[in-house]
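Novice: Take this structure, written in C-alpha cells, and hold onto it; I'll ask about it next.
Values in this text are rule-based calculations from the coordinates and carry no lab data. Worth saying up front: this structure is predicted, and the values here are computed from it rather than measured.
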Amino acid sequence: MATLLYSASMSLDGFIAGPGGDMSWLTRHPGDPSPTVETLHTRTGCLLVGGRTFRGDDPNRGTESEGAFGGRYDGGTVVLTRTPATEPVPGVEFETDLVRAVERSRELAGDRYVNVLGAATAQACLRAGLLEEILLFVCPVLLGGGTRAFEPSDLGEIGLELLPETGELWYRVVR
C-alpha cells in the first residue's frame with residue numbers, strides 16, 4: 001500500500017510559501033538539488049493536493065517547468081477541497097472528505113508514494129493519524145512570513161524518527 005508522504009521545500013525560518021501564497025522565491029532560492037529532489041517524482045504515484053495549493057501560485061507558470069516537480073510529474077492528482085471544480089480537469093479528481101481523498105490517492109499511487117502538497121492538508125492528515133512520513137528540503141533564504149510548513153496547532157507533541165539512509169531531512173511519523 002502507498003505511503004502518505006508530506007514533502008515540501010521550505011525557507012530556513014519554516015515557510016513553504018511567502019506572504020499571500022507567493023511561491024516565486026523558489027525560483028530565486030531553489031537550494032542545492034539532491035538525488036532525492038531529482039528522483040522523487042518517479043517514486044510518486046499520486047499527489048494529494050489541498051484546494052488552496054491547487055488553485056495557488058506556481059513559480060513556473062507559463063514555462064515548460066509548470067506543475068509539480070518542475071513539470072516532471074505526470075501521474076494522478078486528488079484535490080481535497082470544500083469547493084470542487086464545476087468543470088472536469090484532466091487527470092484531477094476532487095474529494096471533499098479527507099479519508100476518501102486519502103483512500104483514492106492510495107489506490108491511484110499503487111505501491112509508490114502519495115505525495116501530500118499543502119500545509120493545511122498535511123496537518124489534517126497528521127491530525128487524522130494518516131500521515132506516515134515527512135520530507136523537508138531547506139532552501140537558503142529567510143522569508144519572514146507566509147505559510148508555515150506546520151502551523152501551531154492542538155496536535156501536541158508528535159514524535160519523528162529520522163530515516164538516516166536517505167541523507168535528507170526525511171522522517172517517519174511515530175505513533
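Novice: For residue 9, which sequence-distant residues (separation of 5 or more, or a different chain) have an amide H within less than 5 Å of its own amide H, given hydrogens modelled in the peptide plane?
Specialist: 137
Novice: Can you give me the long-range amide H partners of residue 17? Hydrogens built in the peptide plane at 1.01 Å from N, cutoff under 5 Å, separation of 5 or more residues or another chain.
Specialist: 147
Novice: Counting only residues 5 or more places away or on other chains, whose amide H sits under 5 Å from the amide H of residue 49 once H atoms are built in the peptide plane?
Specialist: HN-HN under 5 Å from residue 49: 78, 79, 80, 117.
Novice: Give me the Kirkwood hydrodynamic radius of the stretch 4-174 in Å, from all C-alpha pairs, to one decimal place?
Specialist: 16.4 Å
Novice: Which ³J(HN,Hα) values in Hz, rounded to whole numbers, follow from the phi angles of the stretch 21-27 under the Karplus curve 6.51 cos²θ - 1.76 cosθ + 1.60, where θ = phi - 60° and Gly and Pro get x?
Specialist: Using θ = phi - 60°, the values come out as x, 4, 10, 4, 4, 5, 7 Hz.
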